[in-house]
Each structure stands twice: as structure tokens, then as C-alpha cells.
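**Student:** For reference, the structure I am asking about is given below.
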Amino acid sequence: IDKTNPYDFISHIQRQRIPSTGIDPQTVVDAIGAKWPSVAIEKLLEGVDKHANSFRDAETRIKPLVRYFKKFSKDQATRFARMTVSNGQIWPAKLCRDEYLPEFLKVNKTKIAPSLYKALKYQVENQAWYSNATAG
């Protein structure tokens, strides 16, 4: 904070410059996520669940989660898939539809129930709500 560089043999990993504009919340999440990814994932999932109220909000909230998709537990992957399927602001959002959710499905297919996987995949690919009758 005072622009003093730490010294000694691990100085390259124990410092982070803080810009004059202040601390970016993503910097804090990244620091926590490097050591405790599950903690970062939980906090980011909470943000998706409570605040993905528009297409842009959904894209903004999900983007930081992409780097953690491979580290999701089975429970986290299931909760994320359920949030995504039930929220009509997430799966139709362009970046979610074209980039984030296909990547999520690819790396978490075995962690979520086949019926949930099928519903999310259908919604992303068809841009329509999934129902068993629709999938025929």
C-alpha cells in the first residue's frame, strides 16, 4: 500500500500492487481462490444466485467462475446447473450461451445428474425452456 516492495526470497509471491483507484474485488477473489478455490467458488455462486437479474449481470457474475469450473465439487456443479436452468437471464445471455455454459457442460458432465445436464444443454442449444415434452 505504501509502495514498499517486500524483500527476501519469496518477495515475488507475497505482494500485490494496489492501484490508485483502490482494490478491485476480483483481485481479492483471485487471491483467495489461489489458496482456497472452494471458498471463492461458494462466494461467486452466491453472487450468481442473488444477482443475475439481467443478461449482462449474468455474464458479469459467471465470467469469474469459468476459471473454477474444473474445480467444482459435485454439489457446486449441481447447484450451478440448477441456478442456470431456472434463471431465464443466464442461459439466453450471449456470452453464457456461446462460451461459459458450453465450457461448464464439457468439464462437469459427470458431476451433474443426466436429466439436469440434458435440460441445460437443451436450453443453451435451443434458446428455449426445456420440458420433457419439448425434448420428445
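**Student:** By the gyration tensor of its Cα atoms, with a ≥ b ≥ c the square roots of the eigenvalues, what is the shape of the range 54-136: rounded for a/c under 1.5, prolate for a/b over b/c, or oblate? Numbers along the way, then the final one.
**Tutor:** Numbers: a/c = 1.88, a/b = 1.12, b/c = 1.68.
Judged from the Cα gyration tensor, the range 54-136 comes out oblate (a/c at least 1.5, b/c at or above a/b).
**Student:** Using a 1.4 Å probe, how large is the accessible area of THR21, given in Å² and rounded to the nearest 10?
**Tutor:** 130
**Student:** Let me check something: with ligands and nucleic acids excluded, how do LYS121, LYS74 order by accessible area (1.4 Å probe), largest to smallest? Each step should come with its number before you reach the end.
**Tutor:** Details: LYS121 70, LYS74 140 Å².
I get LYS74, LYS121, largest accessible area first.
**Student:** Note down the magnitude of the dipole of the range 15-90 about its Cα centre, charges +1 on Lys and Arg C-beta and -1 on Asp and Glu C-beta and zero elsewhere, to the nearest 20 debye. Each step should come with its number before you reach the end.
**Tutor:** Values: 14 positive and 8 negative charges, 55 e Å.
Computed about the Cα centre, the dipole is about 260 debye.
**Student:** Something else about it: Given the protein chains as shown and a 1.4 Å probe, how many square angstrom of ASP98 are accessible, to the nearest 10?
**Tutor:** Per-residue accessible area (ASP98): approximately 80 Å².
**Student:** Tell me the accessible surface of VAL39 in square angstrom (1.4 angstrom probe, heavy atoms of protein chains only), to the nearest ten.
**Tutor:** 90
The values are calculated or read from the model by the stated rules, or taken from the named source; none is laboratory data. Since this is a predicted model, take the numbers as computed values, not measurements. Note that each Cβ is placed from the backbone with ideal geometry, even for glycine, and that neighbours are counted across all protein chains shown. Just the protein is used for accessible areas: all its heavy atoms, side chains included, with ligands, DNA and RNA removed. Shrake-Rupley method; radii C 1.70, N 1.55, O 1.52, S 1.80 Å.
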